[in-house]
Amino acid sequence: MTSELPLSCEELLTTTRSVRHGLDLDRPVDRDLVEDCLRIALQAPNGSNRQNWRWILLTDPRIRAEVAEVYRAAFYDRNAAALERLPELPEAPRSVLTAARALADRLHRVPVLVIPCLEVAQGTLPTGNQAGLWASLLPAAWSYALAARSRGLVTAWTAVHLDREQEVADLLGLPPTVRQGALLPTAHPLRGTFRPGPRLPLEEVLHHDGWQGARPV
């Protein structure tokens, strides 16, 4: 079941969620539909219009299972301590961690995995702040998520596998010059409507004319 289209721009921007529980793992996703979303993503801004993004689209069940195995290992390594005390966590972080674990455990069943990548010189990332570099990829990855939502699909933005980036690169035969930026599981949703997520009020995160210009909470 998908939401009625078209969505308003505001609804699209405020209800495109990272969906982990509500993925339809049994319904196939049309590859042409995914590629259509990626064509839209290619209109995102990127530095000097170099377009050094590369996109890995995984639909083969064997390859998805191999990538999912690496992802699960990275997830449980990263979250071992938190999972041990899961019942003691406050409701919000407990809910997020439970959903993240569900995604990790079922990732091999998600029909499409999209990995946005950057091609960088010698495969070496610059020292210091890398915001300018990744600004040439991550807006396009989010544009893909928005395009997918507008076409009745859902995605989950995750980067846990980057803890073992080289293992995934070896599985996929990526050259050393290609660096991964995220992982976007893509599927049809099990429900048709989504609400805006819980966020802090703007007043708690907004600063006027410098850091000292924060509004009092």
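The values are calculated or read from the model by the stated rules, or taken from the named source; none is laboratory data. Computed from a prediction, not measured in an experiment: that's the story for all the values here. Please note: Cβ atoms are built from the backbone with ideal geometry, for glycine as well, and neighbour counts cover all protein chains shown. Calculation scope for accessible area: heavy atoms of the full protein, side chains included, ligands and nucleic acids excluded. Shrake-Rupley method; radii C 1.70, N 1.55, O 1.52, S 1.80 Å.
Listed values, structure above:
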{"read-out": "Selection count where residues are part of a loop (DSSP other than H, G, I, E, B) and either open to solvent by less than 30 Å² (accessible area, probe 1.4 Å) or without any contact (Cβ under 8 Å) to a residue 60 or more places away in the chain (or both), scope the stretch 101-146", "value": "12"}
{"read-out": "Of all residues making up the stretch 47-58, the number that are farther than 13 Å from ALA141 by Cα, open to solvent by 60 Å² or more (accessible area, probe 1.4 Å) and in contact with a strand residue (DSSP E or B) (Cβ under 8 Å, 6 or more places away or on another chain)", "value": "0"}
{"read-out": "Pairs, first farther than 19 Å from VAL112 by Cα in the stretch 158-171, second small (Gly, Ala, Ser) and surrounded by 14 or more Cβ atoms within 10 Å (Cβ to Cβ), C-beta under 7 Å, six or more apart", "value": "ASP163/ALA74; ARG164/ALA73; ARG164/ALA74"}
{"read-out": "The stretch 1-22: number of residues that are of a type in the set (Ser, Thr, Tyr), surrounded by 11 or more Cβ atoms within 10 Å (Cβ to Cβ) and part of a loop (DSSP other than H, G, I, E, B)", "value": "3"}
{"read-out": "Members of the stretch 104-142 found to be touching a helix residue (DSSP H, G or I) at 6+ places or on another chain (Cβ under 6 Å) and more than 17 Å from ARG50 (Cβ to Cβ), listed by number", "value": "ALA104, LEU107, HIS108, VAL112, LEU113"}
{"read-out": "Some residue of the stretch 23-43 being open to solvent by less than 60 Å² (accessible area, probe 1.4 Å) and among the polar types (S, T, N, Q)", "value": "no"}
{"read-out": "Only listed residue being more than 18 Å from the chain's Cα centre (by Cα) and acidic (Asp, Glu), chosen from ASP105, ASP170", "value": "ASP170"}
{"read-out": "Residue count for the stretch 168-202, restricted to those that are part of a helix (DSSP H, G or I) and open to solvent by 80 Å² or more (accessible area, probe 1.4 Å)", "value": "2"}
{"read-out": "Single residue of the stretch 75-91 satisfying the filter (closer than 23 Å to LEU23 by Cβ and open to solvent by less than 70 Å² (accessible area, probe 1.4 Å)) that is farthest from the chain's Cα centre (by Cα)", "value": "LEU86"}
